1. May I ask you to verify whether ALA146 is in the same structural domain as LEU38 (by TED's automatic domain parsing) and assigned to a helix (DSSP H, G or I)?
2. Would you pick out the residues in the stretch 20-45 that are hydrophobic (A, V, I, L, M, F, W, C) and in contact with a Ser or Thr (Cβ under 6 Å, 6 or more places away or on another chain)?
3. Go through the stretch 220-246 residue by residue and tally those that are in a strand (DSSP E or B) and touching a Ser or Thr at 6+ places or on another chain (Cβ under 7 Å).
4. Go over the candidates ALA313, ALA329, ALA334, ALA296 one by one and state the one that is of a type outside the set (Val, Ile, Thr), in contact with a helix residue (DSSP H, G or I) (Cβ under 8 Å, 6 or more places away or on another chain) and in a helix (DSSP H, G or I).
5. For the stretch 8-31, indicate whether the set of residues that are more than 23 Å from the chain's Cα centre (by Cα), of a type in the set (Gly, Ala, Ser) and assigned to a loop (DSSP other than H, G, I, E, B) is non-empty.
6. Out of ALA261, ALA249, ALA273, ALA277, report the one residue that is at pLDDT 95 or above, assigned to a loop (DSSP other than H, G, I, E, B) and buried (at least 19 other Cβ atoms within 10 Å of the Cβ).
7. Hey, any hits in the stretch 49-57 for a residue that's assigned to a strand (DSSP E or B) and either under 23 Å from ALA5 (Cβ atoms) or free of Cβ contacts under 8 Å to residues at least 60 places away in the same chain (or both)?
8. Could you check PRO282 against (1) over 11 Å from ALA179 (Cα atoms); (2) in a helix (DSSP H, G or I); (3) in contact (Cβ under 8 Å) with a residue 12 or more places away in the chain and say which number it fails?
Amino acid sequence: MPLPAPDVVRLTQSLVHIPSTNPTVPEAACAEFVEALLSEQGMPYQRVPVSDERWNVVARLHGGGGPPLVLLAHLDTVPVGEGWSRDPFGAQIEDGRLWGRGACDMKGGLAAALLALLRLRDSGARLSGDLVLAATVDEESSMTGALALSAAGLVPPSSYILAAEPSDGKLLVAQKGVAWYELRFRGASAHGSMPHLGADANRALALAVEAAYQGIAQVGDDDPLLGHATLVVGVMQGGFKTNVVADAARAEIDIRYPPSASVEQIRQMLQAAAERAAQAVPGIRFELDEKTTDRAPVVCTPTSPLIAAVRQAHRAVTGAEPELAGFRAYTDAAVCALRSGSPHCVVYGPGRLAQAHTVDEYVALDELRMFEQTLYETARVLLT
């Protein structure tokens, strides 16, 4: 007989205790913990290889051949960083919150989805389609786990796809696209007292970055759910000594964009900014490279049965109608939806996006318990 399923709070604590910080600590220990839990519960699973030390864990309740519901939850977290007032892997409970790296993004969502799967199994309900739980790797970087799921054919075009990511208590029915670029300038070094003899790559980069921040406002239109395109220069590097004109400089650029914008428009804007900077600083050359695979915006079809099922489940558990909104980040669900062609893709899970990736990350205990129930109800409504 399977052991009793753990409480969602205790399960989240157990997951937070296990470091899986991408890229420093592979997800293997966390994946093995999920496999051990599934084995204790008598729940079959499979490994979907991603690389030598990384694999997805996929569990499936078999249904009657109708469209499946795929619950996605990633195993990895971002690194810890400095400045924590609590042990980032202590999973301390205080003030109605569970604290630790990944509590919000998204080991709480993984715990809620796991227990929803087990509860539906234990209900004995006959399902119209499969309920699939996919615990993925590498969501916080290149999303190779989601790509591997798609390559293995585990997310067919008929799928209902739900990422149990932190959704601020809302039902998120649209996701912004993501485009990452690296911009590199090459110049010539010279003594700091004679800058006219060199070609200042740092100056060119500064001019291009300022032009890009201004130019993003002209790309696309405001979207009612997703807002306007945004740009952040996450990394800037240049030069090698205080009194030397910089002969090289680079920036890594993150752009999020709604459906009204395109990667081509974005690239043209960045190209124009770099060209103007190069013209302003004689002797400068530049290169602009896109660093992401296709991560276009994703919008769930408004008449999707998945939206209707989540709304019904949310009402049943909370007594209130969920607010429909957009997600300014990007998830494995969007990757799987794009590659499968499914028009049914939402984000709905415990936590607040503003808490993700922060020092002293936390998730509210009430939200963990609520989303365990609403995810179960969503699966029950959609598949029975």
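The values are calculated or read from the model by the stated rules, or taken from the named source; none is laboratory data. As the structure is a prediction and not an experimental result, all values here were calculated from the model. All Cβ positions, glycine included, derive from the backbone under ideal geometry; neighbour counts span all protein chains shown.
1. Judged against the criteria, ALA146 is a match.
2. Hit for the stretch 20-45 is CYS30, nothing else.
3. Total satisfying the criteria: 2.
4. When all the criteria are applied, what remains is ALA313.
5. no
6. Going through ALA261, ALA249, ALA273, ALA277 in turn, the sole match is ALA261.
7. Scanning the stretch 49-57 turns up at least one residue that is assigned to a strand (DSSP E or B) and either under 23 Å from ALA5 (Cβ atoms) or free of Cβ contacts under 8 Å to residues at least 60 places away in the same chain (or both).
8. (2)
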